[in-house]
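What follows is one structure encoded as structure tokens, with my remarks underneath.
The values are calculated or read from the model by the stated rules, or taken from the named source; none is laboratory data. These figures come from a predicted structure and were not determined experimentally. Backbone-built Cβ (ideal geometry, glycine too); neighbour counts: all protein chains shown. Please note that ligands, DNA and RNA were not included when accessible areas were found on the heavy atoms of the full protein model with its side chains. Shrake-Rupley method; radii C 1.70, N 1.55, O 1.52, S 1.80 Å.
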Amino acid sequence: MNNQMSLLLFVLAVVLTLGSVSAEELKSSATHTFKNKDWFLSLEMGSYSDNASIGFDDIPEERPFYRLKHTLLAGKIGLGVRITPQSFLALQYATGPRDSLELYPHGEFQDANTTIRSHFVSLVMSREFNVNVTDSVDAKFGMTRATFENRDRLGQKGDTISRHTEVKPVIALGYRRAFSQRWSGGIEATSYFLSDPGIVTSVAVGLRCDL
């Protein structure tokens with residue numbers, strides 16, 4: 001069900017983002033945009049789906065003594081520039097969960113430690129659809145470079161490190177409200193269409209400052 005919903009959001013974001021930006025609109029506004037340096041900065045904090053983190057389901061039943069550090073909120077920062085009055089390009093950097101699970105010695109089992117880290121570098125095109133004077137719906141579509149790093153240690157042995165990087169599509173849908181001419185805040189759902197560990201989703205709230 002989650003995969004079907006993400007695919008539906010993917011198609012919707014692509015259609016809204018690409019289909020609504022006309023060549024005439026690009027031509028008429030490009031000079032104004034770059035002349036006035038219509039840039040913005042965004043900062044978000046959000047939570048990720050379980051397949052990007054370590055949870056209680058990853059604790060073996062035979063290991064009753066453990067310490068789990070779970071990331072509740074992870075950050076994302078973005079820099080964007082308008083290419084038309086209602087569309088823009090943005091470069092985003094997001095950190096995924098940075099979790100660790102330490103299993104203490106018990107019976108015949110040695111101590112073990114597992115950590116997971118991830119980050120996402122994305123280039124997205126976004127289209128804003130005004131709901132009223134202060135509110136808008138944002139649809140984004142682009143590509144992301146996702147990197148996952150796992151560290152595993154068993155007993156007194158050294159760490160075993162594995163890294164996986166891939167470039168895949170990313171989509172997002174959000175709702176934003178303006179507080180002033182420069183500041184706005186909103187909530188956004190993002191889906192990273194990865195092959196490993198699968199489709200990763202996040203829900204974040206944040207602020208944006210138009211420069």
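In this structure, is Ala90 open to solvent by less than 80 Å² (accessible area, probe 1.4 Å) and closer than 27 Å to Arg153 by Cα? Walk me through it before giving the result.
Working: open to solvent by less than 80 Å² (accessible area, probe 1.4 Å): yes; closer than 27 Å to Arg153 by Cα: no.
No: the conditions fail for Ala90.
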Residues in the stretch 178-211 that are of a type in the set (D, E, K, R) and more than 16 Å from the chain's Cα centre (by Cα) total 2
Those residues of the stretch 72-87 which are out of contact with any helix residue (DSSP H, G or I) (no Cβ under 7 Å at 6 or more places or on another chain), surrounded by 19 or more Cβ atoms within 10 Å (Cβ to Cβ) and among the polar types (S, T, N, Q) amount to Ser87
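Listed residues Ser53, Ser29, Ser22; which is over 23 Å from the mean Cα position of the chain (by Cα) and either open to solvent by 50 Å² or more (accessible area, probe 1.4 Å) or at pLDDT 90 or above (or both)?
On the way: Ser53 fails: over 23 Å from the mean Cα position of the chain (by Cα); Ser29 fails: either open to solvent by 50 Å² or more (accessible area, probe 1.4 Å) or at pLDDT 90 or above (or both).
Being over 23 Å from the mean Cα position of the chain (by Cα) and either open to solvent by 50 Å² or more (accessible area, probe 1.4 Å) or at pLDDT 90 or above (or both) holds for just one of Ser53, Ser29, Ser22, which is Ser22.
Being among the hydroxyl-bearing types (Ser, Thr, Tyr) and modelled with pLDDT of 90 or more is the filter; apply it to the stretch 93-118 and report the residue that is least open to solvent (accessible area, probe 1.4 Å). Steps first, please.
As a first pass, look at the stretch 93-118 and keep what is among the hydroxyl-bearing types (Ser, Thr, Tyr): 93, 95, 100, 104, 114-115, 118.
Okay, now just the ones that are also modelled with pLDDT of 90 or more, so 93, 95, 100, 114-115, 118.
On the way: Tyr93: 94, Thr95: 33, Ser100: 26, Thr114: 48, Thr115: 33, Ser118: 4 Å².
For the stretch 93-118, the residue satisfying everything is Ser118.
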Residues of the stretch 149-202 being open to solvent by 40 Å² or more (accessible area, probe 1.4 Å), part of a strand (DSSP E or B) and among the charged types (D, E, K, R), in sequence order, are Arg151, Asp152, Arg153, Arg163, Lys168, Arg177
Counting only strands (runs of 3 or more DSSP E) wholly inside the stretch 35-136, the ones holding at least 2 residues that are touching a residue at least 40 places away in the same chain (Cβ under 8 Å) and closer than 28 Å to Val167 by Cβ are 39-48, 74-84, 87-95, 99-103, 112-130
